[in-house]
Amino acid sequence: MSKEMLEAFRILEEDKGIKKDDIIDAVKESLRSAYKRRYGQSESADITFDEKTGDFQVYTVREVVEEVFDSRLEISLKDALAINSVYELGDRIRFEESPKEFGRVAAQSAKQTIMEKMRRQTREITFNEYKQHESEIMSGTVERFDDRFIYVNLGSIEAQLSRQDQIPGETFKSHDRIDVYVYKVENNPKGVNVFVSRSHPEFIKRIMEQEIPEVFDGTVEIKSVAREAGDRTKVAVVSHNPNVDAIGTIVGKQGSNIKKVISRFHPKRLDQKTGLLVPVEENIDVIQWVADPAEFIYNAIAPAEVDQVIFDDENSKRATVVVPDNKLSLAIGRRGQNVRLAAHLTGFRIDIKSASEYEALEVAALEEPATEEVLTEVSETSSED
């Protein structure tokens with residue numbers, strides 16, 4: 001060990017972000033381990049580091065005793081006095097050992113310990129770097145593909161974009177520059193995993209925060225987002241300034257803000273007939289959020305009209321929405337999409353009924369008690385007979 005070691009420590013600290021004290025601790029740990037291999041124990045080993053010379057010193061510490069039972073831990077008073085006449089029983093004497101005596105085993109152990117320390121430290125640095133970007137949008141470059149993921153280079157790590165986190169139908173080529181939403185960062189012994197998405201509802205919200213100043217500064221708040229990526233999204237918004245229209249702000253003049261938002265993530269798919277890449281359309285419906293749940297559900301069912309909203313007495317998060325007969329299919333939407341998005345947006349389980357269907361159910365409910373009353377009267381008359 002020498003001044004060259006000090007220089008190596010400095011380079012590791014500056015280039016890899018690994019603290020010198022951590023490296024020194026790793027070397028001490030490896031020397032202690034090598035000592036234990038040689039002597040069968042490490043309790044008597046005292047290891048120091050000279051900051052000026054860059055040298056490590058290994059000492060064995062022995063206690064001065066009358067009778068020696070373990071020469072690795074003890075020294076007789078007679079032998080101690082031969083070294084220095086001031087020693088007494090109970091004193092502890094340090095004997096310097098040369099790290100070179102541990103040979104190749106110690107060097108290899110030190111190297112392995114330092115490398116593991118470096119891996120842990122580098123992993124921790126990478127984890128902390130990307131953990132702070134969790135729930136944010138990052139821009140990256142498509143690097144490679146396999147059966148499960150598209151790997152997106154975010155700078156010092158490849159993030160994983162799974163099939164379910166992609167917008168259905170979108171295609172990418174190597175070196176494409178794309179925006180992704182970081183929704184989870186994991187630190188495990190094998191390394192740091194960063195999971196990203198383009199289909200996540202929060203992806204839309206973060207883009208709106210970046211593209212629309214009133215959303216960024218909090219004048220207009222996005223309360224919730226429901227999304228079926230590549231097809232349709234509902235966004236519930238509210239203004240905290242009475243002079244600012246929430247929906248108008250999000251949409252922008254002649255739809256300018258919505259166009260900016262869509263341009264940030266607008267995917268393309270391969271048209272099988274033409275062989276050309278064509279845009280994947282995704283419509284964004286902007287909904288007025290209100291504190292009253294009935295009115296909020298009313299708004300969320302748009303573009304369909306709503307006659308009434310009835311809440312379930314037994315389940316506070318369930319509601320029946322009654323719509324005009326001729327608006328039933330519009331309220332439900334294609335393959336149930338409209339009511340499904342409305343449910344996700346509001347947090348309620350929503351059952352859609354046409355006006356005539358609901359009226360029939362009400363009539364049946366009113367007739368049921370009357371029927372029971374007639375049956376009771378018949379039963380009582382029979383008993384009297």
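The values are calculated or read from the model by the stated rules, or taken from the named source; none is laboratory data. As the structure is a prediction and not an experimental result, all values here were calculated from the model. Note: ideal-geometry Cβ built from the backbone for every residue, glycine included; neighbour counts use all protein chains shown. The protein model used for the area step is the full one, side chains on, heavy atoms only, and it has no ligands, DNA or RNA in it. Shrake-Rupley method; radii C 1.70, N 1.55, O 1.52, S 1.80 Å.
A compact table of results
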quantity	calculated
Criterion: surrounded by 13 or more Cβ atoms within 10 Å (Cβ to Cβ), under 25 Å from Asn128 (Cβ atoms) and free of Cβ contacts under 8 Å to residues at least 12 places away in the same chain - qualifying residue of Tyr151, Tyr183	Tyr151
Verdict on Ile157 being β-branched (Val, Ile, Thr), modelled with pLDDT of 90 or more and closer than 28 Å to Ala300 by Cα	no
Segment 84-107: number of residues that are closer than 19 Å to Phe49 by Cα, open to solvent by 80 Å² or more (accessible area, probe 1.4 Å) and either within 42 Å of the chain's Cα centre (by Cα) or modelled with pLDDT under 70 (or both)	2
Test: residue in segment 197-206 that is surrounded by fewer than 15 Cβ atoms within 10 Å (Cβ to Cβ) and either part of a loop (DSSP other than H, G, I, E, B) or within 23 Å of the chain's Cα centre (by Cα) (or both)	no
Residue list for segment 313-339, filter: closer than 12 Å to Glu357 by Cα, open to solvent by less than 70 Å² (accessible area, probe 1.4 Å) and part of a helix (DSSP H, G or I)	Leu328
Residue match in segment 270-293 (condition: touching a strand residue (DSSP E or B) at 6+ places or on another chain (Cβ under 9 Å), open to solvent by less than 20 Å² (accessible area, probe 1.4 Å) and of a type in the set (Phe, Trp, Tyr))	no
Selection status of Arg144, part of a helix (DSSP H, G or I), among the basic types (Lys, Arg) and out of contact with any helix residue (DSSP H, G or I) (no Cβ under 8 Å at 6 or more places or on another chain)	no
Positions within segment 154-170 being of a type in the set (S, T, N, Q) and either closer than 14 Å to Ser199 by Cβ or surrounded by 13 or more Cβ atoms within 10 Å (Cβ to Cβ) (or both), in sequence order	Gln160, Ser162, Gln164, Gln166
Selection count, segment 183-231, where residues are of a type in the set (Lys, Arg) and under 17 Å from Gln288 (Cα atoms)	3
Filter pass, Gly275 being over 27 Å from the mean Cα position of the chain (by Cα) and in a helix (DSSP H, G or I)	no
Candidate set from segment 230-252 (those that are within 29 Å of Gly140 (Cβ to Cβ) and open to solvent by 20 Å² or more (accessible area, probe 1.4 Å)); member that is modelled with the lowest pLDDT	Asp231
Evaluation of Ala291 against (1) at pLDDT 95 or above; (2) part of a helix (DSSP H, G or I) (one fails), failing number	(2)
Qualifying positions in segment 299-308 - modelled with pLDDT of 95 or more and either open to solvent by 20 Å² or more (accessible area, probe 1.4 Å) or basic (Lys, Arg) (or both)	Asn299
Qualifying residue in segment 342-349 (condition: more than 30 Å from Glu170 (Cβ to Cβ), open to solvent by 80 Å² or more (accessible area, probe 1.4 Å) and in a strand (DSSP E or B))	yes
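Residue by residue, here is whether (1) surrounded by 12 or more Cβ atoms within 10 Å (Cβ to Cβ); (2) outside any strand (DSSP E or B); (3) modelled with pLDDT under 75 holds:
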{"position": "Glu7", "(1), (2), (3)": "no, yes, yes"}
{"position": "Asp21", "(1), (2), (3)": "no, yes, no"}
{"position": "Val27", "(1), (2), (3)": "yes, yes, no"}
{"position": "Leu31", "(1), (2), (3)": "yes, yes, no"}
{"position": "Arg37", "(1), (2), (3)": "yes, yes, yes"}
{"position": "Glu51", "(1), (2), (3)": "no, yes, no"}
{"position": "Gly54", "(1), (2), (3)": "yes, yes, yes"}
{"position": "Tyr59", "(1), (2), (3)": "yes, no, no"}
{"position": "Asp70", "(1), (2), (3)": "no, yes, no"}
